[in-house]
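Student: Below is the structure I would like to discuss, written out as structure tokens.
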Protein chains: 2
Amino acid sequence: MNKNPIGVFDSGIGGLTVVKEIRKILPQENIVYLGDTARLPYGTKSTDSIIQFSLENSQFLLSRGAKYLVIACYSSTSVAIDIVRKHVSVPVIGVIRPGVKKALEVTKTGKIGVIGTTLTIHSGAYEKAFREIDDRCEVVGRSCPLFVSLVEEGWLEHPATQLIAETYLKLLKDDGIDTLLLGCTHFPMLMPVLKKVMGDINYVDASREVGETMAQDLEKMGLQHPGEDGTLAIYLTDLSMNFKEIGERFLGEAMGDVSRVSLGT
Amino acid sequence: MNKNPIGVFDSGIGGLTVVKEIRKILPQENIVYLGDTARLPYGTKSTDSIIQFSLENSQFLLSRGAKYLVIACYSSTSVAIDIVRKHVSVPVIGVIRPGVKKALEVTKTGKIGVIGTTLTIHSGAYEKAFREIDDRCEVVGRSCPLFVSLVEEGWLEHPATQLIAETYLKLLKDDGIDTLLLGCTHFPMLMPVLKKVMGDINYVDASREVGETMAQDLEKMGLQHPGEDGTLAIYLTDLSMNFKEIGERFLGEAMGDVSRVSLGT
């Protein structure tokens, strides 16, 4: 048993979709969240920069006593998780493997589509994760960068969103996938439009799987928090004009007090 | 006469649309361009951060001998130009006033629409600039954040782009503006779709006006470069996967060698 918090970081506030799921599954755990809003988005940055930012973020969470690290950012997980693991002594979970495992559990035909930002898809991190677990499946990746902006604009069911989804997903639909893996923190918000376009197939939102995997880990390692309602402390590296409005959309509850911190400067 | 370069900075590579126009009007001038790609976009950052970044960028260009500074970023111009002017001893031009002047020249009805990112529109910088020059005009602002992502995705004439443009511009069209001012480096790329939606009105792309204003300034101050073909040196604070492809779309020519520099860390 361990009262220390779970540390979660993301390039911005999209990772609050992961926090939302963790709080559902592990309501008694304290959480410290760091959103690196001063340097977002990571998806357009170089691998070197993302690695450096990920290490700085991890260091900050460890300085807040984190007993377990969650990399809630797909770009960071894609290129930096192995390096973060080498630098820290607590368990580290990313957002890629839990989703991959779940997709392999639910697929019947073995034809799986993955959508994410350009960096996540082109990094090859998903192909690698699938191959490591089961190399018989057929995985098709599609980068959908406009989905991020559409979610931040709040256009979740605008006709343009539907049109963009049809363009992005056409290839996956033609390929006859039976499972769609959502490889970006923002994409669960688009579930209604994705279902409209792709119809009756399996949808995997990794956020939920991260919570489940972590719950098992904490139990195995005896790291659970025994208390009552867990707290949530949110730190951001920059406070932009509309971060609260967007953040609470992701978190599904009030964000409470948010502190600004400086990293890497 | 002065052989030193003109220094231009932007949060990313969108400012190359401004460089393109400067090179048309002042082909003999040497240019040093700095794109702060490691910290883009500025439009979602706080005012304090944008001011700090703008000062660091200016300092870098001065260290490269800049005789004249161009702030090619609308977010920086909106919130930081007065502070940059206080900190440097060379002339500084932004992207807001030259466009405002041109819009006031061409409008007949005095009803002018301005489009830009959320920060640019909400900063009130345009209203202020219009009021300072001619307070009889009626200015309507509309933030169009999705336009930036659509340009970066290269979807310049996709049906979704048209649909998004119709949604964003509806209010301006209903208001009966006779002049549309493009307040973002990326937007000139969308000119065909803007014209389709808004029809036969005046369009002002500030990039061109910046070049014209600067040509007059350099002549007045005796700062012109007397030589032949000017050089272009490009510095970026991060090299992302597809910066060349997007950058050359903005610049309209090959980018040549690009150097990476670190700022503020």
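The values are calculated or read from the model by the stated rules, or taken from the named source; none is laboratory data. As the structure is a computational prediction, the values presented were derived from the model and not from experiment. Note: ideal-geometry Cβ built from the backbone for every residue, glycine included; neighbour counts use all protein chains shown. Heads up: the accessible areas ignore ligands, DNA and RNA and are worked out on the full protein's heavy atoms, side chains in. Shrake-Rupley method; radii C 1.70, N 1.55, O 1.52, S 1.80 Å.
Student: Could you derive backbone 3J(HN,Hα) for region A:97-112 from the dihedral phi with the Karplus parameters 6.51, -1.76 and 1.60 (θ = phi - 60°), listing whole Hz in sequence and x where the residue is Gly or Pro?
Tutor: Calculated HN-Hα couplings, in order: 4, x, x, 5, 4, 5, 4, 5, 5, 8, 5, 9, 8, x, 9, 10 Hz.
Student: log₁₀ I(q)/I(0) of the protein assembly as shown at q = 0.06, 0.09, 0.10 Å⁻¹, via Debye over equal Cα point scatterers, no solvent, to two decimals?
Tutor: -0.31, -0.68, -0.83
Student: Shifting gears a bit: When you look at the Cβ of every residue in B:166-174, what mean number of other chain Cβ atoms sits within 10 Å?
Tutor: Working: counts 2, 4, 0, 0, 0, 0, 0, 0, 0.
Mean inter-chain Cβ contacts per residue within 10 Å come to 1.
Student: State the volume of the convex hull built on the alpha-carbon positions of region B:159-249, expressed per residue in Å³ and rounded to an integer.
Tutor: Working: hull volume 15.5 nm³, N = 91.
Once divided by residue count, the hull of region B:159-249 is 170 Å³.
Student: Hey, another quick one. Counting heavy atoms of the protein chains only and a 1.4 Å probe, report the per residue accessible area for the protein assembly as shown as a whole number of Å². Don't jump to the answer; show the numbers that get you there.
Tutor: Numbers: 21250 Å² over 530 residues.
Ligands and nucleic acids excluded, the result is 40 Å² per residue.
Student: While we're looking at this one, here's another question. In terms of the ratio Rg/(2.2 N^0.38 Å) built on C-alpha atoms, what value belongs to chain B? Could you put the intermediate results ahead of the total?
Tutor: Details: Rg = 17.6 Å, N = 265, 2.2 N^0.38 = 18.3 Å.
After normalising by residue count via 2.2 N^0.38 Å, the value is 0.96.
Student: Next question, about the same structure. Please report the relative contact order for chain A, taking Cα pairs under 8 Å with a sequence separation of at least 6, and give it as a percent rounded to a whole number.
Tutor: Working: 495 pairs, mean separation 77.8, N = 265.
With pairs under 8 Å counted, the relative contact order is 29 percent.
Student: Here's another thing I want to ask about it. Counting protein heavy atoms only and a 1.4 angstrom probe, how many square angstrom of accessible surface do chains A and B bury in total, to the nearest 100? Kindly include the intermediate steps, with their values, before the conclusion.
Tutor: On the way: alone 11870 and 11890 Å², together 21250 Å².
Counting protein atoms only, the buried area is about 2500 Å².
Student: Relative contact order (percent) for region B:97-206, with alpha-carbon contacts under 8 angstrom and 6 or more residues of separation? Before the final figure, lay out the partial values.
Tutor: Values: 165 pairs, mean separation 40.7, N = 110.
Computed value for region B:97-206: 37 percent relative contact order.
Student: Pick out, in residue order, every one of the GluC sites (Glu not before Pro) in region A:217-257 that is DSSP loop and has at most 10 other C-beta atoms within 10 Å; say none if there are none.
Tutor: On the way: sites: A:219, A:228, A:245, A:248, A:253; in loops: A:228, A:253.
Those satisfying the criteria are A:228.
Student: Can you work out ³J(HN,Hα) from phi for every residue in region A:149-165, in order, using Karplus 6.51 cos²θ - 1.76 cosθ + 1.60 and θ = phi - 60°, giving whole Hz and x for Gly and Pro?
Tutor: Taking θ as phi minus 60°, the curve returns 5, 5, 5, 5, 7, x, 8, 6, 10, 5, x, 5, 5, 4, 5, 5, 4 Hz for region A:149-165.
Student: Could you work out what % of the accessible surface of region A:97-206 is carbon and sulfur, using a 1.4 angstrom probe and leaving DNA, RNA and ligands out of the count? Don't skip to the answer; put the middle values down first.
Tutor: Working: 2220 of 4570 Å².
Carbon and sulfur atoms account for 48 percent of the accessible area of region A:97-206.
Student: Still on this model: Compare the Cα positions of A:160, A:144, A:123 along the charge dipole of region A:97-206 (+1 at Cβ of Lys, Arg; -1 at Cβ of Asp, Glu; about the Cα centre) and return the one farthest towards the positive end.
Tutor: A:123
Student: Run through all the Cα pairs of region B:97-206 and give the fraction in each 10 Å bin from 0, expressed as whole percent.
Tutor: Per 10 Å bin, starting at 0, the Cα pair percentages come out as 15, 52, 28, 4.
Student: Then there's this: Once amide H atoms are built 1.01 Å from N in the peptide plane, which residues 5 or more positions from residue B:232, or in another chain, come under 5 Å H to H?
Tutor: The answer is B:31.
Student: Amide H neighbours of residue A:70 under 5 Å, counting only residues 5+ apart in sequence or on other chains, H built in-plane at 1.01 Å?
Tutor: Correct list: A:7, A:8, A:9, A:93.
Student: Any idea what the residue B:134 label distances to the other copies are, label 7 Å down the Cα→Cβ vector, nm, shortest first?
Tutor: Shortest to longest, the spacings are 6.9 nm.
Student: Still on this structure, please answer the following. Placing +1 at every Lys and Arg Cβ and -1 at every Asp and Glu Cβ, with all other atoms neutral, what dipole size does region A:97-206 have around its Cα centre, in debye to the nearest 20? Provide the component values of the computation, followed by the final result.
Tutor: Details: 13 positive and 15 negative charges, 38 e Å.
Approximately 180 debye in magnitude.
Student: Roughly what angle does helix B:74-87 make with the longest principal axis of chain B, taking Cα atoms, 0 to 90 degrees, to the nearest 10?
Tutor: Relative to chain B, helix B:74-87 is tipped by roughly 40 degrees.
Student: Related question: Select from region B:1-31 those trypsin sites (Lys or Arg not before Pro) which occupy a DSSP coil region and have at most 15 other Cβ atoms within 10 Å, ordered by residue number. Please list the in-between numbers first.
Tutor: Values: sites: B:3, B:20, B:23, B:24; in loops: B:3.
Sites meeting the loop and neighbour criteria: B:3.
Student: Using protein chains only (no ligands, no nucleic acids) and a 1.4 Å probe, work out which residues of region A:200-245 have their accessible area cut by at least 40 Å² relative to the chain alone.
Tutor: SASA drop of 40 Å² or more in region A:200-245: A:238, A:241.
Student: Shifting gears a bit: Can you list the copy-to-copy distances for residue A:108, using a point 7 angstrom from Cα toward Cβ, in nanometres, shortest first?
Tutor: In nanometres, ordered from closest: 6.6.
Student: Shortest first, in nm, what separates the label point of residue B:170 from those of the same position in the other copies (7 Å along Cα→Cβ)?
Tutor: Here residue B:170 shows inter-copy label distances of 2.6 nm.
Student: Please tell me which of these pairs span more than 28 angstrom C-alpha to C-alpha: B:24/B:244; A:24/A:128; A:45/A:244; B:108/B:128; B:108/B:195; B:3/B:45?
Tutor: Working: B:24/B:244 21 Å; A:24/A:128 30 Å; A:45/A:244 24 Å; B:108/B:128 20 Å; B:108/B:195 18 Å; B:3/B:45 36 Å.
The pairs that break the limit, which is 28 Å between Cα atoms, are A:24/A:128; B:3/B:45.
Student: Report relative contact order for region B:215-265 in percent, whole number only (criteria: Cα-Cα under 8 Å, sequence separation at least 6).
Tutor: On the way: 26 pairs, mean separation 20.6, N = 51.
Relative contact order of region B:215-265: 40 percent.
Student: Where the only charges are on Cβ atoms (+1 Lys, Arg; -1 Asp, Glu), what is the dipole of the protein assembly as shown about its Cα centre, to the nearest 20 debye? It would help to have the intermediate numbers written out before the result.
Tutor: Details: 56 positive and 66 negative charges, 85 e Å.
Taking the Cα centre of the protein assembly as shown as origin, the dipole is about 400 debye.
Student: With every protein chain present, what accessible area does residue A:40 have (1.4 Å probe, heavy atoms only), rounded to the nearest 10 Å²?
Tutor: Per-residue accessible area (residue A:40): approximately 40 Å².
Student: Show me the trypsin sites (Lys or Arg not before Pro) within region B:78-115 that DSSP assigns to loop and that have at most 12 other Cβ atoms within 10 Å of their Cβ.
Tutor: Working: sites: B:85, B:86, B:101, B:102, B:108, B:111; in loops: B:108.
Of the trypsin sites (Lys or Arg not before Pro), the ones in loops of region B:78-115 whose Cβ has at most 12 other Cβ atoms within 10 Å are B:108.
Student: I would also like to ask the following. Heavy-atom accessible area of residue A:184 with all protein chains present, probe 1.4 Å, nearest 10 Å²?
Tutor: Roughly 10 Å² of residue A:184 is accessible to a 1.4 Å probe.
Student: Each residue of region B:186-195 in order: what ³J(HN,Hα) in whole Hz does its phi give by Karplus 6.51 cos²θ - 1.76 cosθ + 1.60, θ = phi - 60°, with x for Gly and Pro?
Tutor: 6, 5, x, 5, 9, 3, x, 6, 4, 5
Student: Run the dipole for chain B about the Cα centre, Lys and Arg Cβ at +1, Asp and Glu Cβ at -1, nothing else charged, and hand back the magnitude in debye, nearest 20. Before the final figure, lay out the partial values.
Tutor: Working: 28 positive and 33 negative charges, 68 e Å.
The calculation lands at about 320 debye.
Student: Along the charge dipole of the protein assembly as shown, Cβ charges K/R +1 and D/E -1, which of A:65, A:227, A:79 sits furthest on the positive end?
Tutor: Among A:65, A:227, A:79, the one farthest towards the positive end of the dipole of the protein assembly as shown is A:65.
Student: Please name whichever of B:203, B:30, B:98 sits farthest to the positive end of the charge dipole of chain B, dipole taken about the Cα centre and charges placed at Cβ: Lys and Arg +1, Asp and Glu -1.
Tutor: So the residue furthest toward the plus end is B:98.
Student: From the Cα trace of region B:147-208, what convex hull volume per residue do you get, rounded to a whole Å³? Present the calculation step by step, with values, prior to reporting the outcome.
Tutor: On the way: hull volume 4.8 nm³, N = 62.
Cα-based convex hull of region B:147-208, divided per residue, equals 77 Å³.
Student: Once the Cα atoms of helix B:47-63 and of chain B are each reduced to a long axis, what angle between those two axes, in degrees from 0 to 90 to the nearest 10, is obtained?
Tutor: 40
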